[in-house]
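J.: Below is one structure. I have some questions about it.
The values are calculated or read from the model by the stated rules, or taken from the named source; none is laboratory data. Note that the coordinates shown come from a computational prediction; the quantities given were computed from them, not determined experimentally. Glycine also receives a Cβ, built like all others from the backbone with ideal geometry; neighbour counts cover every protein chain displayed.
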Amino acid sequence: MRLARPRENRLEVNMTPMIDIVFLLIIFFMTVNQISDQTNEPLELSKQPGSQDQSQGAMTINIDAAGQIVVAGETLSVIDLAAAVSGEVERANNDPAAVTVIVRADRRGDCRSFNQVVGILARLDVSRVRFAVESSP
Amino acid sequence: MKLSSRSGRHAAKIELQMTSMIDVVFLLLIFFMVTSSFRETERELDPAVKIERQSGAQAADLAPTIIRIVRSGGGDFVYQLGGRELRDQAELTQVLSQLENQAEGAFVRAADDAPLDMAMSAIQAAKSARYRTVTYQPPDA
């Protein structure tokens, strides 16, 4: 007697889109982390509504609660900062008006370093200076 | 004559396995929902910056408003506006809004040992009071 062959239940898990997305995510977060680590230090900014959304700046100057000036992960002295800002101005064809600087300062600190930084920017005629604040939810 | 049809048994069955994709999409959605609630949006204040120069006296009918952040007699920092001493940002905003020299602009000057948060609050108060230009002026070293 000829018996009917039992039907095979083939369970297929298509992993291709999953792997695609997982790799894409890994690359995305690695890139984003690198960029944010380079420019923005983890600071507690002043809680203010601000006057505009944050724009892309040529240079981001971080001032921590202790008054240390950090640019692109490196702690700079006031003299080094002046040299770095001059370099940015030179890169912008010696046009200080073309350089946008974002100053991110920790709200728990005092104005000493902040005043020094703003003084340097004003002396170098960098007029497009933005102070970062954190809008409250 | 019988022609074989394209449809029917011989047609290749295209199956799209959407389960894993949907899983990942939901996972992503949850991830972004959770992280976005923790991160606060950064915004900007855009004052002009200028160095204080004592000789730069301005001759105008309506002088610009100068907000100083100084230590009061009690030892704590206050916003000094002319002869008045104001303690909080809301009060400062209210007083600035009542002035009529918004077109002349406002200057914010903070002493070196003043809290930075107060400097930002003063700039924000002047912006909220609709001053046309707000200038931050550090004391000249």
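J.: Please verify whether the range A:103-126 includes one or more residues that are surrounded by 14 or more Cβ atoms within 10 Å (Cβ to Cβ), over 18 Å from the mean Cα position of the chain (by Cα) and assigned to a strand (DSSP E or B).
T.: Among the residues of the range A:103-126, at least one is surrounded by 14 or more Cβ atoms within 10 Å (Cβ to Cβ), over 18 Å from the mean Cα position of the chain (by Cα) and assigned to a strand (DSSP E or B), which makes the answer yes.
J.: Consider A:ALA82 carefully, then state whether it is closer than 26 Å to B:ALA114 by Cα and surrounded by fewer than 19 Cβ atoms within 10 Å (Cβ to Cβ). Full working, then the answer.
T.: Working: closer than 26 Å to B:ALA114 by Cα: yes; surrounded by fewer than 19 Cβ atoms within 10 Å (Cβ to Cβ): yes.
Criteria met by A:ALA82.
J.: Checking A:PHE28 against (1) over 30 Å from B:LYS127 (Cα atoms); (2) more than 12 Å from chain B (Cβ to nearest Cβ), which test does it fail?
T.: Here A:PHE28 meets the rest and fails (2).
J.: Something else: Which numbered condition in (1) more than 8 Å from chain B (Cβ to nearest Cβ); (2) assigned to a helix (DSSP H, G or I) is the only one that A:ASN93 fails?
T.: The number of the failed condition is (2).
J.: In addition: Could you tell me which numbered condition A:LYS47 fails, if it satisfies all but one of (1) within 25 Å of A:PRO96 (Cβ to Cβ); (2) at pLDDT 80 or above; (3) surrounded by 14 or more Cβ atoms within 10 Å (Cβ to Cβ)?
T.: Among (1) within 25 Å of A:PRO96 (Cβ to Cβ); (2) at pLDDT 80 or above; (3) surrounded by 14 or more Cβ atoms within 10 Å (Cβ to Cβ), A:LYS47 violates only (1).
J.: Test B:PHE107 against the criterion of being without any contact (Cβ under 8 Å) to a residue 60 or more places away in the chain, within 17 Å of A:VAL118 (Cα to Cα) and of a type outside the set (Gly, Ala, Ser), and give yes or no. Give the steps one after another, and end with the answer.
T.: Values: without any contact (Cβ under 8 Å) to a residue 60 or more places away in the chain: yes; within 17 Å of A:VAL118 (Cα to Cα): yes; of a type outside the set (Gly, Ala, Ser): yes.
Criteria met by B:PHE107.
J.: Can you tell me which of A:ALA65, A:ALA82 is outside any helix (DSSP H, G or I), more than 17 Å from B:ALA48 (Cα to Cα) and within 14 Å of chain B (Cβ to nearest Cβ)?
T.: Details: A:ALA82 fails: outside any helix (DSSP H, G or I).
Matching residue, one of A:ALA65, A:ALA82: A:ALA65.
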